[in-house]
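Colleague: Encoded as structure tokens, here's the structure I'll be asking about.
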Amino acid sequence: MSFIENVLDPPSYGWKDIDGSLYKPTNRQIWKEFFSRINVFKTRKNWLPFFSWFSPLCFLPLIVYFLINLFRDFHFGLVVAVFVYSMILMGTHGTIWYHRYCTHKAYVFRNQFWRFITQNLVIKVVPEELYVVSHHVHHCLSDQPGDPYNAQAGFLYCFLADANHQPIAKNLSEEDYNRAVKFLQHTGVPANTYQEYLKWGSIASPWKTALSTVLNWVFWYGVFYLLGGPVLAAAMFTAAFIWALGVRTFNYEGHGKGKDKRKEGTDYNENDMSINQLWPGIVAGEWHNNHHLYPVSARSGFLRHQVDLAWYYIKLLSLIGGVSSYHDSKKQFIQQYRKPFLEKKHASVTEQKAGKEIRGLS
């Protein structure tokens with residue numbers, strides 16, 4: 001097996017069926033695996049998937065407080081704020097930070113200050129390690145056995161993937177562990193030594209991860225409290241919780257729910273079943289088929305209607321000196337895919353018109 005096939009911890013039901021095709025576990029198998037993977041009493045090496053689910057659940061008291069106040073004294077502005085924060089701000093930040101920077105290194109920060117600011121632009125609910133390493137595997141094995149969120153295996157397979165399929169393997173050699181660490185070196189996430197990895201089963205330290213997350217929460221609760229009191233603060237943490245659930249559904253939707261939903265003239269990447277969706281594109285800059293076509297591009301909204309808020313932030317930082325360089329594949333996309341498509345379409349229309357004229361004369 002190659003390193004990329006070996007770097008993730010395979011689920012108990014495995015990636016492949018006997019014939020080598022994708023193994024599609026039952027919902028019961030998936031739930032059983034999930035509760036086994038988040039069981040820190042079984043092994044402390046389960047701390048990261050446990051933390052990934054436990055941390056947003058810490059928001060439940062704030063969610064209850066927000067809902068009680070909302071039903072008691074409905075405020076439309078708060079509902080709008082929750083919508084904007086969860087769908088647009090959290091979504092766009094996920095694209096900016098986790099997707100384009102942490103995973104694909106699509107741009108380079110000028111210094112650690114701008115990296116720190118960008119990392120903590122919103123309430124933190126996703127550990128970088130779970131996202132980054134598994135996303136490299138997703139791109140190499142997209143829609144194939146071993147893809148940690150293969151949409152062909154169903155919604156639940158994707159929704160619980162951060163616990164069941166995304167943690168790194170617990171038995172990596174020191175050489176392979178160091179290769180995995182390189183996926184995260186540029187993010188500023190402190191890495192365990194190999195001996196610490198053997199103890200905790202992760203690249204990230206549990207204590208440093210928990211501390212940085214809690215400090216982020218304290219900061220943002222304080223900011224929102226000063227801006228609008230405890231109700232606004234509770235509303236924004238409710239929004240973060242909504243995004244934490246929603247982001248777990250994205251790859252299922254973004255790969256056509258396991259079916260080929262690609263459209264000619266919209267989805268140009270033919271190597272997997274990723275699709276460009278209007279809603280994720282507009283609110284988060286996540287034009288997924290474009291992204292799979294050019295993974296290291298800091299821009300994935302290549303066409304006029306493809307709004308890309310994540311790109312606008314990256315471009316703004318480059319203008320004020322926060323980003324020193326970036327990749328932009330728009331021109332390459334236009335020349336390699338869009339222009340030939342339009343020329344072919346125009347030729348087809350011209351041919352059809354000529355055919356009608358000939359038939360009319362005859």
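The values are calculated or read from the model by the stated rules, or taken from the named source; none is laboratory data. The model shown is predicted, which means the values in this text are computed figures rather than measured ones. Don't worry about glycine lacking a Cβ; one is built from the backbone with ideal geometry, like all the others, and counts go over all protein chains shown.
Colleague: List the number of the failed condition for Val84; all other conditions in (1) surrounded by fewer than 23 Cβ atoms within 10 Å (Cβ to Cβ); (2) within 22 Å of His327 (Cβ to Cβ) hold.
Modeller: Only one criterion in (1) surrounded by fewer than 23 Cβ atoms within 10 Å (Cβ to Cβ); (2) within 22 Å of His327 (Cβ to Cβ) is unmet by Val84, namely (2).
Colleague: I've got another one for you. Within the stretch 202-223, identify whether any single residue is crowded, with 20+ Cβ neighbours inside 10 Å, of a type outside the set (Gly, Ala, Ser) and over 23 Å from the mean Cα position of the chain (by Cα), and answer yes or no.
Modeller: No, there is no match, as no residue in the stretch 202-223 is crowded, with 20+ Cβ neighbours inside 10 Å, of a type outside the set (Gly, Ala, Ser) and over 23 Å from the mean Cα position of the chain (by Cα).
Colleague: If you check Pro145, Pro127, which single one turns out to be touching a residue at least 24 places away in the same chain (Cβ under 8 Å), assigned by TED's automatic domain parsing to the domain that holds Pro25 and either basic (Lys, Arg) or farther than 20 Å from Leu245 by Cα (or both)?
Modeller: On inspection, the qualifying residue turns out to be Pro145.
Colleague: If you don't mind, another one. Among the candidates Ser212, Ser202, which residue alone is assigned to a loop (DSSP other than H, G, I, E, B) and among the polar types (S, T, N, Q)? Explain how you work it out, then say what you get.
Modeller: Values: Ser212 fails: assigned to a loop (DSSP other than H, G, I, E, B).
Going through Ser212, Ser202 in turn, just one is assigned to a loop (DSSP other than H, G, I, E, B) and among the polar types (S, T, N, Q): Ser202.
Colleague: Return the pair list, or none, for Cβ contacts closer than 7 Å from residues in the stretch 276-290 that are within 16 Å of His104 (Cα to Cα) to residues that are assigned to a strand (DSSP E or B), at least 6 apart or on different chains.
Modeller: Trp287/Asn276; His288/Asn276; Asn289/Asn276; Asn290/Asn276
Colleague: If you check Ser348 against the conditions, is it surrounded by fewer than 23 Cβ atoms within 10 Å (Cβ to Cβ) and touching a strand residue (DSSP E or B) at 6+ places or on another chain (Cβ under 9 Å)?
Modeller: Details: surrounded by fewer than 23 Cβ atoms within 10 Å (Cβ to Cβ): yes; touching a strand residue (DSSP E or B) at 6+ places or on another chain (Cβ under 9 Å): no.
No.
Colleague: Being on the phi < 0 side of the Ramachandran plot, in contact (Cβ under 8 Å) with a residue 24 or more places away in the chain and either within 24 Å of the chain's Cα centre (by Cα) or not in a helix (DSSP H, G or I) (or both) is the filter here, so list the residues in the stretch 178-199 that pass it.
Modeller: Of everything in the stretch 178-199, those that are on the phi < 0 side of the Ramachandran plot, in contact (Cβ under 8 Å) with a residue 24 or more places away in the chain and either within 24 Å of the chain's Cα centre (by Cα) or not in a helix (DSSP H, G or I) (or both) turn out to be Arg179, Ala180, Phe183, Leu184, His186, Thr187, Val189.
Colleague: Please go through the stretch 258-281 and give me each residue that is part of a helix (DSSP H, G or I) and under 18 Å from Leu22 (Cβ atoms), ordered by number. Before the answer, list the steps.
Modeller: Step one: of the stretch 258-281, the residues part of a helix (DSSP H, G or I) are 258, 278-281.
Within the stretch 258-281, just Gly258 meets the criteria.
Colleague: Shifting gears a bit: When you go through Tyr177, Tyr194, Tyr157 one by one, which is the residue that is in contact with a Pro (Cβ under 8 Å, 6 or more places away or on another chain), assigned by TED's automatic domain parsing to the domain that holds Val323 and at pLDDT 95 or above? Give the derivation first.
Modeller: Working: Tyr177 fails: in contact with a Pro (Cβ under 8 Å, 6 or more places away or on another chain); Tyr194 fails: in contact with a Pro (Cβ under 8 Å, 6 or more places away or on another chain).
Only one candidate qualifies: Tyr157.
Colleague: Which number in (1) aliphatic (A, V, I, L, M); (2) under 30 Å from Trp15 (Cβ atoms); (3) at pLDDT 95 or above; (4) surrounded by fewer than 22 Cβ atoms within 10 Å (Cβ to Cβ) marks the one condition that Val247 misses?
Modeller: Evaluating Val247 over (1) aliphatic (A, V, I, L, M); (2) under 30 Å from Trp15 (Cβ atoms); (3) at pLDDT 95 or above; (4) surrounded by fewer than 22 Cβ atoms within 10 Å (Cβ to Cβ) leaves (3) as the failure.
Colleague: From the list Gly91, Gly77, which residue is assigned to a helix (DSSP H, G or I), out of contact with any Ser or Thr (no Cβ under 8 Å at 6 or more places or on another chain) and buried (at least 19 other Cβ atoms within 10 Å of the Cβ)?
Modeller: On the way: Gly77 fails: buried (at least 19 other Cβ atoms within 10 Å of the Cβ).
Criteria check complete, one pass: Gly91.
Colleague: Which ranges mark the helices (runs of 4 or more DSSP H) fully within the stretch 289-362 that have 1 or more residues being within 26 Å of Lys261 (Cβ to Cβ), basic (Lys, Arg) and modelled with pLDDT under 95? Please lay out each step first, then the result.
Modeller: Working: elements: 309-320, 330-333, 339-361.
Output list reads 339-361.
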